[in-house]
Structure formats: structure tokens, C-alpha cells
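As C-alpha cells, the structure follows; a few thoughts come after it.
Taken together, the values in this text are just the output of simple stated rules run on the coordinates, not laboratory data. Worth saying up front: this structure is predicted, and the values here are computed from it rather than measured. Glycine also receives a Cβ, built like all others from the backbone with ideal geometry; neighbour counts cover every protein chain displayed.
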Amino acid sequence: MAAALGIAIVAPDTSPRGEDVADDPEGAYDLGLGAGFYLNATQEPWIKNYQMYDYIVNELPDFIAENFPIDINKMGIFGHSMGGHGALTIGLKNPDLFKSISAFSPIVAPSQCPWGQKALSGYLGNNEESWQEYDATQLILNGHSSPNTILIDLDNGRTVIVRVNDRGPFHGGRIIDLSYAAAKKLDYSSKGTANVEIVAINPRDFQKSQTHKKLVQRNTLDQPRSREHVADIRQTSTDKTYPLPSNSLPQSGEAFLQVGAFSSEVAAINLSERVQELSSYPVVVRQLNEPNLLFKVLVGPVKNNLKLLDLRNLLRQAENLRPFVVYE
């Protein structure tokens, strides 16, 4: 089928190979030769060979372009399980390189499961901020995206947002498959087919427009809330990961909210610009050079604990971020 459609399928290995390539000491399947996780390792003994991200993004496309009659501007990326997660992280970070992303039963949040934590800590060290660049869920929360599509039913005006996996060719009158849930939303599940208009949307811009609608009636940070209201927030919060700040700020440093950390300066700046639209507090991008190059996005300083709490809740609701308090 691929040959008939003029498609080349390239299936790279999960990990580097060779007699001198490091492997899990116990020969486990979830680290080393069994699971390279398509990242660039920074820790010994993996750093020498386990640079699978660079291999997929740079070396392999160059090799294909130089040796085969392939249009490198029409590449897609797909994978299963760990490979599916690799397809997600690589595709999300390189939307201009890969025109489509497909993942079959992928891992989606490796930093939140034992298998992923073992691999990420082994390859990248114990600094969990560095894991975010190789966690598909965190990448999306931090602003990475791939184009989505909106379908509009021309008969009744109803709309639904979907991800279209159909690779075309797209022209008037074509039939595309749609899930039953989407068909129900468009109100044609009982008819079987409907005339729809397909409109490509930028998910970041769409989310921003929805966020502004939700914030129209919200109190701004400059409008004080009562201590009783804040107390209610404290009592009903179920967040166990990022504790609320204490009643007294330490004198050794000022309080900031860290909303993201990236190896890419561009990604950090993009997030800082979105956050600045929501907050009257300064938003800064701070560069760290050790142990690895990292760009942190900080909001503040915030001198009032109640406003710090308000700011954290605002950013969580508006941008679905998980900010936490740091002192500098």
C-alpha cells in the first residue's frame, strides 16, 4: 500500500546499537537497549551514544535526503508505546519539520509513572525540570502545539474541534471519517453523512481566546479579595504537589512563581509573553548555565502572600499551568 501511494516508511531503532553501547545493568526492557526514549542523554554512561533525539530530528532526515529520492518537506512521524511518545515529543517540538503526528497507545506522561521516572532520571539526572522537554504532557502545558482542525456542519451551523488524521488529498466533495462522539455533536449521527466545512485553527490562539472569555468576570489581581474568600480557597484546594506559601515570606529572598523551565529560549519567551498578558506583575526569563542550559520563566516578585495565592490560581485556571513558589 505504501509503495502504491508513493510513501516511504522509515523505521529507526529504539536505541543505539553496538557492543560498546551501555545497557541496563540488569538487562531490563525499560532502560538502555530496550528503551532509548528518543531523547538526548546528559548523564553517564548514556551520554556517549544515547542521542536519539538528534538522530531522529537531524541525522536521519539528512541521510534520507542525501541517499533517496524523498521529498523531505513532506515528512510525518508516528510510533507505538514509547515510540508513540517519542513521536509526540519530537513532533510537538518540530511542527515545521513533521507535517503530521500519529501515536498508537503512547506513553503520554513519563514523569508521572515509575517506568518513565526511571528512564528520565537515568538519562537526564534528578533535576525534574529537565524532564519537561521529553514529556509530551508537559510540552503541551508549556505551549507546544501542532495544528488542529475545526469542522463546521453547513446544514445546522454546529461546530466541533477534532484532530484530522486523514492525509488527503483534500478537495470539495471528499468523504472523511469522523468519530461517533463528533457526529453526535454535529447532530448527524442518525443520518450517516453531513456537509461540513473544514477550518484549520491554531490551538494556542484558540485557547487564548477562550481564556479571555472566562476571565471577563474574574477579579483582577489589583482588586483585593477578602481573607475569608482566600481561606475558602485554601480549605478546598486538593493540590498536594505544590503546597501553598507560608504566612511569612523568608527574609533571605523575594517570592516568585515559576511557571515553566525550558532548554529552548524561544519556548520560554513564548510562555512569558502569554503570561504577561494575564498579570500585572513582571515576567522574566532567567538563564541558567549549570549543570545544563535552562531558561526559567518567573513571575514576580510578589510581596503579599494573598496576592501570591491569587496569582497562582489565576495562572492555573487561565493557562492550565502548575506554577510553584521559589525564593530568589
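Ignoring solvent entirely, what values of log10 I(q)/I(0) come out of the Debye formula for segment 286-328 at 0.19 Å⁻¹ when each Cα is a single scatterer?
-0.67
Starting from the 7 Å offset along Cα-to-Cβ, what nm value, one decimal, do you get for the label separation of Arg316 and Thr42?
So the two model labels end up 2.7 nm from each other.
Only bridges with both residues in segment 1-126 count here: give the DSSP antiparallel percent, nearest 5.
25
Note down the nm distance, to one decimal, between modelled labels 7 Å out along Cα→Cβ at Ala3 and at Leu288.
5.3
Mind listing P(r) for segment 1-158? All alpha-carbon pairs, 10 Å bins, whole percents.
Going from the shortest bin to the longest, the percentages are 10, 37, 32, 15, 5, 1, 0.
How high is the FRET efficiency from Asn304 to Lys74, r the C-beta distance, R0 51 Å, rounded to 0.05?
The pair Asn304/Lys74 has a calculated efficiency of 0.45.
Taking amide H positions as placed in the peptide plane 1.01 Å from N, state which residues far from Met75 in sequence (5 or more) or on other chains have amide H under 5 Å from it.
HN-HN under 5 Å from Met75: Lys99.
Could you rank the peptides 22-31, 297-306, 85-94 by their average count of other C-beta atoms within 10 Å per residue, with the highest value first?
85-94, 297-306, 22-31
Using 0.36 nm per residue of separation minus the Cα-Cα distance, give me the extension gain between Asn67 and Asp177 in nm, one decimal.
Between Asn67 and Asp177, full extension yields an extra 36.0 nm.
If you average 1/r across every pair of different Cα atoms in segment 1-43 and take the reciprocal, what Kirkwood value do you get, in Å?
Hydrodynamic radius (Kirkwood, Cα pairs) of segment 1-43 is 12.5 Å.
What ranking, highest mean first, results for peptides 266-274, 35-43, 8-16 when packing means the other Cβ atoms within 10 Å averaged over each residue?
35-43, 266-274, 8-16
With θ taken as phi - 60° and the coefficients 6.51, -1.76 and 1.60, list the Karplus ³J(HN,Hα) couplings across segment 262-276 in order, rounded to whole Hz; mark glycine and proline as x.
9, 7, 9, 5, 4, 4, 5, 5, 4, 5, 4, 5, 5, 5, 4
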